[in-house]
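Worksheet for the structure shown next.
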Amino acid sequence: MTDPYAGFPAGFFARDDEQPDPVFYGPPRLVTHIDDAAIAAVGDLYAELAIDGSAPRPRRVLDLMSSWVSHFRTPPAELVVLGMNAAELDANTAATERIVRDLNAEPTLPLPDADVDAAVCCVSVDYLTRPIEVLAEAGRVLRPGGPLVITYSDRCFPTKAVHGWLATTDEQHGALVAELVRRTGLFTEPEVSLRTRPGRGDPLYAVVARRT
Ligand SMILES: C[S@@+](CC[C@H](N)C(=O)[O-])C[C@H]1O[C@@H](n2cnc3c(N)ncnc32)[C@H](O)[C@@H]1O
């Protein structure tokens, strides 16, 4: 079988802290990871893509690598949140279903095929050690035409981000995430954009592709 990671340097998806993720993510962190303008940019993007609760559809959205906030201006009717920490997910008032799962230990989603109208992942893709498998799973559970929306900034937990992310720039991160999405073979060509004003606070970049 072809290696989906062919061409990436050895150690690209390794991390300084290789302890099992439940150790690091055990204590709840009821904090925000980006500034207010970047959070607003995430909500604006979701509204623009018509994946929040103000749109007639979608009604069912998956927030991958979620915490106590999902950044929708108006939450969708059904919001499935998946993350590492049960207390954080319990505190997410927008959520209607909660899944605690370590995607680095088990890179699959316990959801049926074509189950959700949209999938989002905010400021977290850099922690995945098997991102292509996880993104392929996002593609499996997305309905045709449904958007995959991956956002990132320039902040991270450095001991938990993969080495390849730490060694590359914001612009290269866009190319990297787009390539990971492309390698699943399940999405339209990813579009990368900067959603915040350059030089003002935390940058917020988005990579958006649709399930084919
Ligand atoms: C920087 S926080 C971002 C949380 C949230 N998406 C937000 O926008 O505030 C990183 C999140 O990634 C999740 N995460 C990290 N490693 C994970 C893993 N191996 N499996 C599933 N989720 C993970 C954690 O639960 C944590 O909530």
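The values are calculated or read from the model by the stated rules, or taken from the named source; none is laboratory data. Computed from a prediction, not measured in an experiment: that's the story for all the values here. Positions of Cβ are backbone-derived with ideal geometry, glycine not excepted, and every protein chain shown enters the neighbour counts. Each accessible area value is taken on the protein alone, full model and side chains, heavy atoms only, with ligands, DNA and RNA left out. Shrake-Rupley method; radii C 1.70, N 1.55, O 1.52, S 1.80 Å.
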Query raised in the report: Being at pLDDT 95 or above and farther than 29 Å from ARG182 by Cβ, is that true of even one residue in the range 21-32?
Result: yes
Query - Which listed residue is closer than 27 Å to PRO20 by Cα and in contact with a Phe, Trp or Tyr (Cβ under 7 Å, 6 or more places away or on another chain), from VAL134, VAL123, VAL141, VAL192 - result: VAL123
Requested in this report: Give me a count of the residues in the range 1-13 that are at pLDDT below 95 and surrounded by 10 or more Cβ atoms within 10 Å (Cβ to Cβ).
Outcome: 0
Report task. Can you work out which of the residues in the range 188-205 that are surrounded by fewer than 21 Cβ atoms within 10 Å (Cβ to Cβ) and aliphatic (A, V, I, L, M) is nearest to the chain's Cα centre (by Cα)? Result -> VAL192
Requested in this report: Find the residue count for the range 168-181, including only residues that are touching a residue at least 24 places away in the same chain (Cβ under 8 Å) and either assigned to a loop (DSSP other than H, G, I, E, B) or open to solvent by 30 Å² or more (accessible area, probe 1.4 Å) (or both).
Outcome: 1
Report task. Output the residues belonging to the range 14-42 that are open to solvent by less than 60 Å² (accessible area, probe 1.4 Å), among the acidic types (Asp, Glu) and assigned to a loop (DSSP other than H, G, I, E, B). Result -> ASP17, ASP35
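Results for (1) within 22 Å of ILE51 (Cα to Cα); (2) of a type in the set (D, E, K, R); (3) open to solvent by 30 Å² or more (accessible area, probe 1.4 Å), shown as yes or no for each residue.
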residue: ALA138; (1), (2), (3): yes, no, no
residue: GLY164; (1), (2), (3): no, no, no
residue: LEU186; (1), (2), (3): yes, no, yes
residue: VAL207; (1), (2), (3): yes, no, no
